[in-house]
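Encoded as structure tokens, the structure appears first; notes follow it.
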Amino acid sequence: MRATLINLARAPSSIRRLPLTTKMVNGGFYKGNRTGTVGRHTKHGGFVIDWERVRTYVVPDMKGFELTPFVTNKMEPTLGRFPQGEHPIMGSVYLRKWKNENGES
Amino acid sequence: MSLARPLRPLLQRPAISTCPTIARIRPLSTSPLLQEHTKRITKDRNPKRGMSPMRGVGPKQMLETEQYDLPRPVLDPKARTEVKTDEDHGLWGFFHEKKCLPTPEEDHAHGRAWTAAELRIKSWDDLHRLWWACVKERNIIATQQKERERLDPGYGEYESEEREAEVIKTQKRIRYVLTERYYAWEEAREIAETDPEVNLSGVGQAYVPVYEETFEQTKA
């Protein structure tokens, strides 16, 4: 684990060889954490939020929903079976299913 | 000697009062805006003035809480009033059957995760709601883990982690199925542009099937 290595290598000369973390350098080093950006920095040092980039979570109406994250253990796990030469990402398969199921409405 | 004052020339500004016994504030300007804040604010800026613990003199400003008596704790548990809570409060969604921690047997009594094949046949609405059912279950598990940190019973962590692993599997497979569906849809759309049976204009039926008369081909 990373933390243990740094603890062992706490001598000033050893830590210099390791990559910087977000917790180092008082304001002089920025390292993101894969959360993405929500706007732009202004030339005066401020930040303007771009609301198009801000995450919103759409929670559906859960009334009367009876499915749970689990399936009964008494049922064997269903495996996907596809005809020869077909796989779920094929557009032709999707189109054929669409024609059969949605069809004339 | 006469005390009569000499006649002043008309060019001079007339005085407000010539009587020396009445002292009046003579502002430099008569405009109303500048008349405000002319009165000097005399405030005792020293809140500790006159305070003396030796003489038993406290602060001049009384705290708001001093007007109420100190509350007396009810030591007898039977005499305490029951706290009324809403049975349908939303925060109960963080608990399973309103219990603090489940027993390891209860926590272990769960099924297996959904497989991709089982999820592929589900509609968008079902998958969306199933996702949020998984999120709520993980919230319950996280609350229980926090309680376990506080109470430190010494057991139950393993079953909790197993349960969460199954929920996470279901969530990952939901995302997988939805991305599969999206890629297939993208490809299908490209094919449909050249398909004579599909009408993508948005006007009229989208699917216009073309029935082939196969028996005609057998004619000589």
Within the range A:48-91, tally of residues that are at the interface with another protein chain (Cβ under 10 Å from one of its Cβ atoms), assigned to a loop (DSSP other than H, G, I, E, B) and either of a type in the set (Ser, Thr, Tyr) or touching a helix residue (DSSP H, G or I) at 6+ places or on another chain (Cβ under 7 Å) (or both):
15
Taking only the range B:22-40 into account, find how many residues are modelled with pLDDT of 75 or more, outside any loop (DSSP other than H, G, I, E, B) and open to solvent by less than 100 Å² (accessible area, probe 1.4 Å).
0
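Look through A:Phe70, A:Phe47 and report the one residue that is at pLDDT 95 or above and open to solvent by less than 70 Å² (accessible area, probe 1.4 Å).
None of the others qualify; the one that does is A:Phe70.
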Please state which one of B:Asp86, B:Asp107, B:Asp69 is of a type in the set (Asp, Glu), touching a helix residue (DSSP H, G or I) at 6+ places or on another chain (Cβ under 9 Å) and surrounded by fewer than 10 Cβ atoms within 10 Å (Cβ to Cβ).
B:Asp86
Taking the range B:166-195 as the search range and keeping residues that are of a type in the set (Val, Ile, Thr) and without any contact (Cβ under 8 Å) to a residue 60 or more places away in the chain, which one is farthest from the other protein chains (Cβ to nearest Cβ)?
B:Thr194
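When you go through A:Arg17, A:Arg34, A:Arg53 one by one, which is the residue that is charged (D, E, K, R) and in contact with a Ser or Thr (Cβ under 9 Å, 6 or more places away or on another chain)?
Of A:Arg17, A:Arg34, A:Arg53, the one residue that is charged (D, E, K, R) and in contact with a Ser or Thr (Cβ under 9 Å, 6 or more places away or on another chain) is A:Arg53.
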Output yes when any residue across the range B:134-156 is within 30 Å of A:Val93 (Cα to Cα), surrounded by 12 or more Cβ atoms within 10 Å (Cβ to Cβ) and at the interface with another protein chain (Cβ under 8 Å from one of its Cβ atoms), and no when none is.
yes
If B:Arg163 satisfies every condition in (1) among the basic types (Lys, Arg); (2) touching a residue at least 40 places away in the same chain (Cβ under 8 Å); (3) closer than 16 Å to B:Leu130 by Cβ but one, which is the exception?
(3)
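The values are calculated or read from the model by the stated rules, or taken from the named source; none is laboratory data. Since this is a predicted model, take the numbers as computed values, not measurements. Neighbour counts are summed over all protein chains in view; Cβ atoms, including those assigned to glycine, are modelled from backbone coordinates with ideal geometry. What goes into the accessible areas is simple: the full protein's heavy atoms, side chains included, and nothing from ligands, DNA or RNA. Shrake-Rupley method; radii C 1.70, N 1.55, O 1.52, S 1.80 Å.
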